[in-house]
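The values are calculated or read from the model by the stated rules, or taken from the named source; none is laboratory data. These numbers come from a predicted model, not from an experiment. FYI the Cβ positions are ideal-geometry reconstructions off the backbone, even for glycines, and counts take in every protein chain you see.
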Protein chains: 2
Amino acid sequence: MSDSISLGPGREFDVIRDLVRRWGESARGIGDDAAILDVPAGCRLLASTDATVENVHFRDGWLEPDEIGYRAAAAALSDLAAMAATPMAILVAMCVPEKWRQHLAGIAEGIGQASRSFHAPITGGNLTRASELSLTVTVLGYAAHPLGRDGARVGDVVYVTGALGGPGCALDAWVSGRQPSRDHRARFARPSPRIREALWLASHGATAAIDVSDGLLADAGHLAAASAVDVCIELDAIPAMSGASPLVAARSGEEYELVVTMQAPVDEHLFAREFGVPLTRVGVVTAPREHTPRATLRSHGRFVDLPAGHDHFS
Amino acid sequence: MSDSISLGPGREFDVIRDLVRRWGESARGIGDDAAILDVPAGCRLLASTDATVENVHFRDGWLEPDEIGYRAAAAALSDLAAMAATPMAILVAMCVPEKWRQHLAGIAEGIGQASRSFHAPITGGNLTRASELSLTVTVLGYAAHPLGRDGARVGDVVYVTGALGGPGCALDAWVSGRQPSRDHRARFARPSPRIREALWLASHGATAAIDVSDGLLADAGHLAAASAVDVCIELDAIPAMSGASPLVAARSGEEYELVVTMQAPVDEHLFAREFGVPLTRVGVVTAPREHTPRATLRSHGRFVDLPAGHDHFS
């Protein structure tokens, strides 16, 4: 993507110029073939890419254009939160069908909102026509000590941020032809990547983390597999939104909350006061009971089975 | 994207595991929410993202699956070449319709070939279903002194790498229902990002560069605008492939050759011996003749007009 100064003529460039103008201070250094960035001394670079596709991640009528843009950027930024990284840049590749052209400014506005909220300037991108709307957002961040999925140890305490189930309830409602409640819809449309929260957790003894994109139990399972441990979650401890059962909360994907393992219990009240978001202890890390490390769900001392989580290829 | 160790069950993960296996040594560090990378001390980070979409950048039957993958990665890497950066990582977001599923391994193989050829490990990605094939490739690189578009100065000499016109001729043939010649087709299907060539040029006095994606004259125009100079190109000096007229060579896009302005003439023969690719002096940088800096085309002392270049939104 190129900026308002260095661009030649052409309708594609006019569109890009308009987007860059809308982004204002959020767009930085656009105008060369590649963005130039600096990783702070002593820090490592974190990079992740995430695609949002019409009719896969949302359907027509579910979201406003600005929500589509915001959500695409927030979902990508959540991968940086999961690693306790500080965002430094967003690159956004937009594939835009003719019928979506009129909404491009709204989509860009949402991306700009996420950029401003999480101090991640938009430093580059790509714009092309397509027959289906898709936004691929690449995020770059830095961390002196990135938090992986593989650091959980037996005896660690398992926490989750926020209250779960909103996106799951919203999806259930839409798919059933109902309108979701305002709160459930908001959690789907405007997820909050837990950037600042992750830095706090990392500095308070976090050993591993993952963001909840496939569902709490599924993502805890990825963390368990990477760490070669079992992650045992108490069903009744899961923080569920009003209207969501604990089972729905355990399955609900695209939450963009964090599951974190901690060396020792932390002050949940302090966390909640600091961020206005609950931090809830939901389980413990144990030695694997079977050959394959996994996440398990328990209720009143008994294991509970849960249907599989989200899978784009199922 | 996650690796073969840390992944839970699910068909999406099986597909990713298969891709990572195929990539072998080319896939590195896949398995966390974000890739962890290190920029060499004293270097700056370069980042660019580029999308390839079915029916926009190619049509069914034009390319083999491995060529689609190779070309998508090569086009993105070319943006690093344009900045004289050394590649350090590729992230690839794949949106794959059901009918393309059987070709996914071939597409991945092509991405792997580009990764190996240019020493850019595949460090992350995203896989989602879609109704249209698109590949969004993000490339990360580093450079102590990135080369911009804005450094051209009056009196600089203008060079272009390679021989132009192949992709333009191939596209003309396909669109007219003919088969392109093997050479023209190869230049479209397997472009060569000029990574090593760019480092050589940067160390031999390059002041500005851009890669030829919109067409030589159009991209020289972007460079002219960024540098606030005129770039005057001699039509008859443009290195054209056999079968391509100089005018076709001046317009042909998606070449992924480089246009470079140099402080002084360099040894073109030395360059050709070193890289097996011609380097051709095609013009000079002058003060802007009109209010708007631009690239102009001259033949036998007279200015030649050329229809506008490539524009995805025209």
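Scanning for something within 11 Å of chain B (Cβ to nearest Cβ), assigned to a strand (DSSP E or B) and among the polar types (S, T, N, Q), does the range A:68-80 turn up at least one residue? So that I can check it myself, show each step before the final result.
Narrowing the range A:68-80 to residues within 11 Å of chain B (Cβ to nearest Cβ): A:75-80.
Keeping just the survivors that are assigned to a strand (DSSP E or B) gives none.
There is no residue in the range A:68-80 that is within 11 Å of chain B (Cβ to nearest Cβ), assigned to a strand (DSSP E or B) and among the polar types (S, T, N, Q).
Mind checking which residues of the range A:192-222 are part of a helix (DSSP H, G or I), within 11 Å of another protein chain (Cβ to nearest Cβ) and acidic (Asp, Glu)? Full working, then the answer.
Step one: filter the range A:192-222 for residues part of a helix (DSSP H, G or I), giving A:195-202, A:216-222.
Narrowing further to those that are within 11 Å of another protein chain (Cβ to nearest Cβ): A:198, A:217-222.
A:ASP219 - this is the single residue of the range A:192-222 that is part of a helix (DSSP H, G or I), within 11 Å of another protein chain (Cβ to nearest Cβ) and acidic (Asp, Glu).
Considering only the range B:167-183, state which residues are part of a helix (DSSP H, G or I) and either over 15 Å from B:LEU258 (Cα atoms) or touching a strand residue (DSSP E or B) at 6+ places or on another chain (Cβ under 8 Å) (or both).
Just the residues of the range B:167-183 that are part of a helix (DSSP H, G or I), to begin with: B:167-175, B:182-183.
Answer for the range B:167-183, where residues must be part of a helix (DSSP H, G or I) and either over 15 Å from B:LEU258 (Cα atoms) or touching a strand residue (DSSP E or B) at 6+ places or on another chain (Cβ under 8 Å) (or both): B:GLY168, B:CYS169, B:ALA170, B:LEU171, B:ASP172, B:ALA173, B:TRP174, B:VAL175, B:ARG182, B:ASP183.
Restricting attention to the range A:112-145, report how many residues are among the polar types (S, T, N, Q) and part of a helix (DSSP H, G or I). Step through it out loud before you land on a result.
Of the range A:112-145, the ones among the polar types (S, T, N, Q) are A:113, A:115, A:117, A:123, A:126, A:128, A:131, A:134, A:136, A:138.
So of that shortlist, the ones also part of a helix (DSSP H, G or I) come out as A:113, A:115, A:117.
Residues meeting the conditions: 3.
Give the range A:30-66 a look and list any residue that's facing chain B (nearest Cβ under 10 Å), over 22 Å from A:ASP18 (Cβ atoms) and not in a loop (DSSP other than H, G, I, E, B), or say none.
Residues satisfying the conditions are A:ILE36, A:LEU37, A:ARG44, A:LEU45, A:LEU46, A:ALA47, A:SER48, A:THR49, A:ASP50, A:ALA51, A:VAL53.
Residue under question is A:SER252, and the condition is that it be closer than 21 Å to B:ASP33 by Cα and small (Gly, Ala, Ser); does it hold? I'd like the intermediate steps shown before the answer.
Numbers: closer than 21 Å to B:ASP33 by Cα: yes; small (Gly, Ala, Ser): yes.
So A:SER252 passes the test.
Please count how many residues of the range A:146-196 are closer than 30 Å to A:ALA228 by Cα, crowded, with 23+ Cβ neighbours inside 10 Å and among the charged types (D, E, K, R).
3
Residues are listed down the side, and each one gets a yes or a no for (1) away from chain B (no Cβ under 14 Å); (2) at pLDDT 95 or above; (3) in contact with an Asp or Glu (Cβ under 8 Å, 6 or more places away or on another chain); (4) assigned to a strand (DSSP E or B):
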{"residue": "A:LEU270", "(1), (2), (3), (4)": "yes, yes, no, no"}
{"residue": "A:GLU274", "(1), (2), (3), (4)": "yes, yes, no, no"}
{"residue": "A:THR280", "(1), (2), (3), (4)": "yes, yes, yes, yes"}
{"residue": "A:GLY283", "(1), (2), (3), (4)": "yes, yes, yes, yes"}
{"residue": "A:HIS291", "(1), (2), (3), (4)": "no, no, no, no"}
{"residue": "A:ALA308", "(1), (2), (3), (4)": "no, no, no, no"}
{"residue": "A:HIS312", "(1), (2), (3), (4)": "no, no, yes, no"}
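Within the range A:124-143, track down each residue that is under 29 Å from B:ASP38 (Cβ atoms), at pLDDT below 95 and of a type in the set (S, T, N, Q).
The initial filter retains those residues of the range A:124-143 that are under 29 Å from B:ASP38 (Cβ atoms), namely A:124-126, A:135-143.
From what's left, at pLDDT below 95: A:124-126.
Residue satisfying the conditions is A:ASN126 alone.
Could you tell me which residue of the range B:18-29 is nearest to the other protein chains (Cβ to nearest Cβ), considering only residues that are in contact (Cβ under 8 Å) with a residue 60 or more places away in the chain and touching a strand residue (DSSP E or B) at 6+ places or on another chain (Cβ under 6 Å)?
B:GLY29
From the residues in the range B:146-166 that are in a strand (DSSP E or B) and within 15 Å of the chain's Cα centre (by Cα), which one is farthest from A:ASP38 (Cα to Cα)? Can you show your working first?
First, pick out the residues of the range B:146-166 that are in a strand (DSSP E or B): B:157-161, B:164.
Imposing the further condition that a residue be within 15 Å of the chain's Cα centre (by Cα) reduces the set to B:160-161, B:164.
Details: B:VAL160: 30, B:THR161: 30, B:LEU164: 35 Å.
Going through the qualifying residues, I end up with B:LEU164.
Among the numbered conditions (1) within 15 Å of the chain's Cα centre (by Cα); (2) modelled with pLDDT of 95 or more; (3) not small (Gly, Ala, Ser), tell me where A:THR52 comes up short.
Here A:THR52 clears every test but (2).
With (1) over 30 Å from B:ALA287 (Cα atoms); (2) charged (D, E, K, R); (3) under 14 Å from the mean Cα position of the chain (by Cα) as the list, and B:ASP211 as the residue in question, which single condition is left unmet?
All conditions are met except number (1).
Looking at (1) touching a Lys or Arg at 6+ places or on another chain (Cβ under 6 Å); (2) under 16 Å from B:SER78 (Cα atoms); (3) within 12 Å of chain A (Cβ to nearest Cβ), can you tell me which one B:THR123 breaks?
Going through the list (1) touching a Lys or Arg at 6+ places or on another chain (Cβ under 6 Å); (2) under 16 Å from B:SER78 (Cα atoms); (3) within 12 Å of chain A (Cβ to nearest Cβ), B:THR123 breaks only (2).
Within the bounds of the range A:218-229, is there any residue that is on the phi < 0 side of the Ramachandran plot, touching a helix residue (DSSP H, G or I) at 6+ places or on another chain (Cβ under 6 Å) and not basic (Lys, Arg)?
Taking the range A:218-229 and keeping what is on the phi < 0 side of the Ramachandran plot, we get A:218-227, A:229.
With the extra rule that they be touching a helix residue (DSSP H, G or I) at 6+ places or on another chain (Cβ under 6 Å), the set shrinks to none.
Checking the range A:218-229: not a single residue is on the phi < 0 side of the Ramachandran plot, touching a helix residue (DSSP H, G or I) at 6+ places or on another chain (Cβ under 6 Å) and not basic (Lys, Arg).
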